[in-house]
Amino acid sequence: MAATLGTSAFAAPAGAAPGDTQANALFDQLSEAMLADSPESATAQGLDKGKRAGLKAKLSDASWAHVSRNHIFCADWLAKFKAIPAAGLSPDAALNKAVTEYALEMGREGGRFAFGENTLNATMSENTSPYVVSQQNGSFVNMVEFLDTQHSIATKQDADAYLSRMEAFATSLDQETDRVRRDAGQGVRLPDFLAKTALGQQDVFLKIPAAQQRIVSSLVTRAKAKGLGDYSAQAAKITADKILPAVARQAAALKEVAAKATHDAGVWKLKDGEAYYAWMLKVGTTTTMTADEIHKMGLEQNAQLEARMDSLLKKQGLSRGTAGERMTALSRDAKFLFPESDAGREQILAYLNKLVADTRGQMSKLSALNLKAPVLVKRVPPDIQDGAPQGYMYPGSLDGSRPSIYYINLKHVSTWPRYSLPTLTHHEGIPGHSWQAAYLIETGKLPLIRILLGGFNAYVEGWALYAEQLTDEIGMYKDDPVGELGWLAGQKMRAGRLVVDTGLHAKRWTREQAIDWFQQCTGNPRAGVTSEVDRYCGWPGQSCGYKVGHTELVRLRDKMKTALGSRFDLREYNDMVVKAGAVPMTVLAQVIDARIAAKR
């Protein structure tokens, strides 16, 4: 990448250069091709209007034939960009070219593995997986929430497009079911414990009458509110005649495959499993770090964080046992717990909204961007909460019609003692993911291709983890030592992920071994720990991006601070990282080096 990007990127104003016209034309062409390939992306970004309005009635092709074509698609486009001489590009175009080539290279390399979900879109949306359907992958898990929260309804055409997508949902389910059977023929099966969770989710779904399904009520309620008529009969009929039977067929296939499933948790069990995990780590960290190096990093950072937590825990009167064991005791203290009820869930949501507002008031200390960054806090829908992560965020749409949505899994209220919530909110909301997204939405500074290729996991998650650290550094825990413990515990959990993920997939840990180690490490309730470990089983390598990315961001900040001395400005560094947009960590290092050279 160094030869492509050079040292000039971000070092000078981005004026036009001779090669920019050709590069920008290719960026535009690739953007349109990607949107046509993934209509859901067009909707998520608010781009399913005007010339792209037809995309609003479509969903992505989920067949294996399409997956195969996607790998060829990446190779063909990569060749086109490689043919553009780097010497004739402006700094901005050179950066965009480097980022695009890296993404296409990852998509092309995914073609080495003829199973699972290894497409360009998967690598850019943090859901690359060996399993096309699991407790957290597949259209069954994602489509209802997508239609409910991202498919806008303002006109009759929007409502009719929703009906078309309901029909396409049934087709996607059947295409994925075919791939489940195809992959099983190659020995790629969900571990038995993941299959049990996925089947439990589908069993709950199938017991809900068609007319009462959320996919129906969402359309009916919103269309009625807009005065578009009654869509209840049409939506219920599609659900009863097509969607529910397709889910039943998928459940039958999963049961059939699960009958031969093993309890082995890691991808080492697959053909070429070691090579596959190495690629997954590249996708997850955008570095060349090996599993052994990542495992060692996790152990070392855990020890450092344990030592820091020890002194704070002693001040709380907790002096015996590991940090994890003492955090377990803290998590059971009634004064930190919300009621295990719907009222308690509402109290948590209200508290999270206050945290967002309080942090927003501190952002001038961390950034000069002056972004609005609206955030909607929601509970993970109960129909998918069993397999969903503990917290996550959907970015707002580019047209500004939908804010970023911060989801928290409230299946077990006890998972969330009060002191654990600030750091999660800083991660998912402000100054974390929602701040990243707001820069793209509110400024329009990056070209569309960079937004569509905006899922470099180590950058995205590394920034959110770094954002957690920033709130501590500006004193938001000054009078809240237990909140500071919550922050450090979150950092320790992410360091523990490095150990657990590599333990499962490279060192052949069992699920139970991983759960036991992780619970001892974090002190978190076993239910939450189990959900986390199961997540890593289904998304190998993804969880490693958090701490690897965070560690690199801190390293680059320290490097810039040392080089510039008194001229170093924290807000400038933070804003430079955000303004770079999502990039591989190797490319970000070049951007920071170029900035240091320019300021010298």
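The values are calculated or read from the model by the stated rules, or taken from the named source; none is laboratory data. Note that the coordinates shown come from a computational prediction; the quantities given were computed from them, not determined experimentally. Every residue, glycine as well, gets a Cβ built from its backbone with ideal geometry; the counts of neighbours run over all protein chains shown.
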Response to the item:
Given the conditions (1) within 30 Å of G200 (Cα to Cα); (2) touching a Ser or Thr at 6+ places or on another chain (Cβ under 6 Å), every one holds for M106 apart from (1)
Worksheet item: Checking R189 against (1) touching a residue at least 40 places away in the same chain (Cβ under 8 Å); (2) surrounded by fewer than 21 Cβ atoms within 10 Å (Cβ to Cβ); (3) not in a helix (DSSP H, G or I), which test does it fail?
Response: (2)
Practice prompt. Inspect all residues belonging to the range 53-75 and state whether any of them is more than 26 Å from the chain's Cα centre (by Cα), modelled with pLDDT of 95 or more, farther than 23 Å from F169 by Cα and surrounded by fewer than 15 Cβ atoms within 10 Å (Cβ to Cβ).
Written response: no
Worksheet, complete the sentence: Every listed condition ((1) surrounded by 18 or more Cβ atoms within 10 Å (Cβ to Cβ); (2) touching a residue at least 60 places away in the same chain (Cβ under 8 Å); (3) out of contact with any Leu (no Cβ under 7 Å at 6 or more places or on another chain)) holds for H263 save (1)
Practice prompt. Quick one: in the range 310-323, of everything that is part of a loop (DSSP other than H, G, I, E, B) and touching a residue at least 12 places away in the same chain (Cβ under 8 Å), which residue is surrounded by the most Cβ atoms within 10 Å (Cβ to Cβ)?
Written response: L318
Practice prompt. Kindly check whether there is at least one residue in the range 317-325 that is within 28 Å of C544 (Cβ to Cβ), of a type outside the set (K, R) and touching a Pro at 6+ places or on another chain (Cβ under 7 Å).
Written response: no
Worksheet item: Hey, among K296, K271, K255, K282, which residue is out of contact with any Leu (no Cβ under 9 Å at 6 or more places or on another chain) and surrounded by fewer than 17 Cβ atoms within 10 Å (Cβ to Cβ)?
Response: K271
Fill in: Of residues in the range 517-536 being part of a helix (DSSP H, G or I) and either of a type in the set (D, E) or in contact with a Leu (Cβ under 8 Å, 6 or more places away or on another chain) (or both), the one nearest to F193 (Cα to Cα)
D534
Practice prompt. Sort out for me the strands (runs of 3 or more DSSP E) sitting completely within the range 335-410 that have 3 or more residues that are hydroxyl-bearing (S, T, Y) and either closer than 27 Å to S139 by Cβ or out of contact with any His (no Cβ under 9 Å at 6 or more places or on another chain) (or both).
Written response: 404-408
Worksheet item: Can you pull out the residues in the range 415-471 that are over 25 Å from K282 (Cβ atoms), aromatic (F, W, Y) and assigned to a helix (DSSP H, G or I)?
Response: Y419, W435, Y439
Fill in: Set Y439, Y419: member being farther than 30 Å from E101 by Cα and of a type in the set (F, W, Y)
Y419
Practice prompt. Determine whether R402 is basic (K, R) and closer than 16 Å to K354 by Cα.
Written response: no
Worksheet entry | Residues located in the range 81-106, provided they are without any contact (Cβ under 8 Å) to a residue 60 or more places away in the chain and surrounded by 15 or more Cβ atoms within 10 Å (Cβ to Cβ) | F81, L104, E105
Worksheet entry | Extreme residue, surrounded by the most Cβ atoms within 10 Å (Cβ to Cβ), among residues of the range 493-519 that are among the charged types (D, E, K, R) and either free of Cβ contacts under 8 Å to residues at least 24 places away in the same chain or within 17 Å of G545 (Cβ to Cβ) (or both) | D501
Fill in: Inter-residue pairs, beta-carbon under 6 Å, first under 10 Å from A323 (Cβ atoms) and in the range 288-309, second among the polar types (S, T, N, Q) and surrounded by 15 or more Cβ atoms within 10 Å (Cβ to Cβ), 6+ apart
L305/Q491
Discussion item. Given the options Q29, Q22, name the one that is touching a helix residue (DSSP H, G or I) at 6+ places or on another chain (Cβ under 9 Å), modelled with pLDDT under 95 and not in a loop (DSSP other than H, G, I, E, B).
Written reply: Q22
Response to the item:
Residue set A246, A278, A252; condition of a type outside the set (K, R), under 26 Å from the mean Cα position of the chain (by Cα) and in a helix (DSSP H, G or I); output residue A278
